[in-house]
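What follows is a set of notes on a single structure, which appears directly below.
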């Protein structure tokens, strides 16, 4: 038999070992590290960016454009990895991410930076799912979970180092290096992966090469066949989901900035978003298992509970990541570098308890207690952060951050573990992409809502606490420029209004964490530990009992006869 055409069993597939495995795992770990770094490195640079571009009203868009671009494409990435070569798909997404990073560094206006962040978000949409898929396919099934834990644990260092690097670049060089730093690392990653064959998690059809002078005719004719990418991928679903999400974000933006909530523009956008969402759901129902977001999968209680749990956890994490640096730099008047250092309590506690909870789940076998604990403690910590004012003491802001970080760290891996232990292995990439869709979509929507709350708070509170100050001048000055546009007499009242506006953001984040307790309770009470020899023996005995009982009954009947 031709070994090139043989389809082996999953456990008999070719796996990587030695230096090849080390190179691939190192490469995907660095990519995942860059994704976490890219989200966190900008948080300490944003206040300075808003001052340079005079764009405080765009603060939420620097995060939401990245998240919404990733969210719209995220469900499609699961289908892409199931149907196309994993390595080249992965490198393709990484190229788009690197291109977005380059454009961010070259941005000359706030709008250009927002668009460049969206390009980077498109690239990031397939990288975390791709990293998990490649690691799972490169080693036998039993070795996959430990490697994934190592990869995710090392990648989390990007979250820790991000604010510090962002503050250092912003203060001592330029905020643009927050994006340029991805480029040389990306070149190393491409070299590590380009010349290594990476196994596939599932069997995929061989690519048919067209050997004819009339090549383009055959290519165009193939677009209508079952093997066409237009048939394999739910591009119509993507074409409905992306406009719905964009209309929703634009409605929130125009309602808060300039047009007003009662004007035709935001109302029309809200209606358009709702109608397009209904069309998207109807189309997904029609596509069934071939849908971009298979509704039958999402209807499983453990799946939708895990996705909503990830939604609320990510909302709490983003509120702290983006608005605590604004608080420290604007209200406490610290440098970008120091604001990154001031974030260490929440970041280190997240990292520490992510490791502790992951180890404990592996030993004890149950993830549900950790998921509920994460939501409860995270919500309490976020609620305590919402009490920050312009005169809070150091021990309080350190302690409150540790409480919030403890909860968020404990819950980080639980939805991933739940989905990996619920779906069949061939459906895990698609399930992970659905979960990441909820995560990134929560970031996009919540970012926009946070921005609306913050801007509305400044507009309403500044006239009360600092009557002599024009709110629009404060918004135009940016987070780090407010002291340059007000007098010393008006500054205390302005700082009070600024701190309270940021507190409003954490009110919503804490409420979402409270809802997360109910979401997490549906994730299921399941022991994920592998069965021991005694368990397997018990199962064999249990399976043999009906046969033994039947044999005894037949023997008894024969004796009676």
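Where in the stretch 85-176 are there helices (runs of 4 or more DSSP H), lying fully within it, with 2 or more residues that are touching a strand residue (DSSP E or B) at 6+ places or on another chain (Cβ under 7 Å)?
none
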Taking the stretch 238-280, which residues are at pLDDT below 80 and over 25 Å from residue 450 (Cβ atoms)?
238
Can you find a residue that is farther than 25 Å from residue 457 by Cβ and either at pLDDT 85 or above or touching a strand residue (DSSP E or B) at 6+ places or on another chain (Cβ under 8 Å) (or both) anywhere in the stretch 385-396?
yes
Residue by residue through the stretch 420-451, note down the ones that are under 23 Å from residue 241 (Cα atoms) and more than 11 Å from the chain's Cα centre (by Cα).
427, 428, 429, 430, 431, 445, 446, 447, 448, 449, 450, 451
Only one residue in 413, 401 is in contact (Cβ under 8 Å) with a residue 24 or more places away in the chain and more than 21 Å from residue 308 (Cα to Cα), so which one is that?
401
Among the residues in the stretch 310-323, are any closer than 20 Å to residue 433 by Cβ, in a loop (DSSP other than H, G, I, E, B) and in contact with a helix residue (DSSP H, G or I) (Cβ under 9 Å, 6 or more places away or on another chain)?
no
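The values are calculated or read from the model by the stated rules, or taken from the named source; none is laboratory data. Keep in mind it's a predicted model, so treat the numbers as computed, not measured. Neighbour counts are summed over all protein chains in view; Cβ atoms, including those assigned to glycine, are modelled from backbone coordinates with ideal geometry.
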